[in-house]
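Student: Could you have a look at this structure, given as structure tokens, before my questions?
Every number here is computed from the coordinates shown, using simple stated rules; none is lab data. Predicted model, so just to flag it, every value in this text is computed and none were measured. Here Cβ is always computed from backbone atoms with ideal geometry, including for glycine, and neighbour counts include all displayed protein chains.
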Amino acid sequence: MARRRILNLNVVEKTIPANDSITVDASGVRLLCKESSDTFQMRIDDSPKIPFEAGLTFDLTEDPEYKPGDVFKRLTLINDTATDITVTFYTLGPGLKDSRFNNLLSRSIAISVISAPTRPVVTEDSLGDGLTIAVGATATITGTDSGQDRISLTLTNMSEDDDLIILAADGSRIGTVFPRSAWTKDISFTVKLKNLSTASASILCEVLEQYPVL
């Protein structure tokens, strides 16, 4: 008679109070954190605590000392912040693996991790039409506002025909915004926008920067 093996997958949803910890009775050999509103600390059984967040996985079978039948039995979730943290994770038994998180990433589907709020800053001319860059001219965007560094930058090239060249402060080329398209990067450093059009046409560029909330 063939031997049967039970493959367990459990979903655990918890809230870790601010500046506190909770203990969860959960057994398995693999652990996948699906969602978390912030980074937290985790202790698996009596092991040292480690930082954990959405997307991280713990696999006991990767331990060189692992033996069939070994499982973790207790998780201690630690919140060192001043705000409650919500977490959702899976615990999996022997022989069961979960690749859904990687599948979501490969399909570019958003994972529900709560991001810190940001403050949008838009660069416009006196008519509210964005930033106009003349042929051969360069516009500089410093990446600072109210003493804070930029989190992300979105540039939209409104031209129908001409590329907009993105340069670093030293003049090195770091990107191109093609006509009627947008370019977004998480960068805080100064960038320069160059219009190399040969058609004697200015380029209208919409500039959106995200900064930490004041």
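Student: If you take the alpha carbon radius of gyration of the range 118-212 and divide it by 2.2 N^0.38 Å, what ratio comes out, to two decimals?
Tutor: Taking the Cα Rg and dividing by 2.2 N^0.38 Å, one obtains 1.02.
Student: Would you pull out the residues with amide H under 5 Å of residue 84's amide H, same chain only if 5 or more places away, H placed 1.01 Å from N?
Tutor: 18
Student: What lysines sit close enough to residue 14 to cross-link, taking a C-alpha to C-alpha distance under 20 Å and skipping anything fewer than 8 places away on the same chain?
Tutor: 34, 49, 73
Student: Expected output is a single nm value to one decimal: the length gained when fully extending between residue 206 and residue 19, i.e. 0.36 nm times separation in residues minus the C-alpha distance. What is it?
Tutor: Full extension from residue 206 to residue 19 adds 63.1 nm.
Student: From the square roots a ≥ b ≥ c of the eigenvalues of the alpha-carbon gyration tensor of the range 9-106, which class results: rounded (a/c under 1.5), prolate (a/b over b/c), or oblate?
Tutor: Verdict is oblate for the range 9-106.
Student: Related question: Calculate, in nm to one decimal, what residue 66 and residue 88 gain on full extension: separation in residues at 0.36 nm each, minus their alpha carbon distance.
Tutor: 5.3 nm
Student: How large is the charge dipole for the range 118-212, taken about the Cα centre, if only the Cβ atoms of Lys, Arg (+1) and Asp, Glu (-1) carry charge, to the nearest 20 debye?
Tutor: 260
Student: Hey, which lysines would be in cross-link range of residue 194, C-alpha to C-alpha under 21 Å, not counting anything within fewer than 8 residues on its own chain?
Tutor: 185
Student: Before rounding to the nearest 500, sum -39500 (n - 2.57) across all DSSP H runs of length at least 4 in the chain and divide by the residue total; then give [θ] at 222 nm in deg cm²/dmol.
Tutor: -1000 deg cm²/dmol
Student: While we're looking at this one, here's another question. Rounded to whole Å and sorted largest first, list the principal axis extents of the Cα atoms in the chain.
Tutor: Principal extents (Cα only, largest first): 81, 45, 28 Å.
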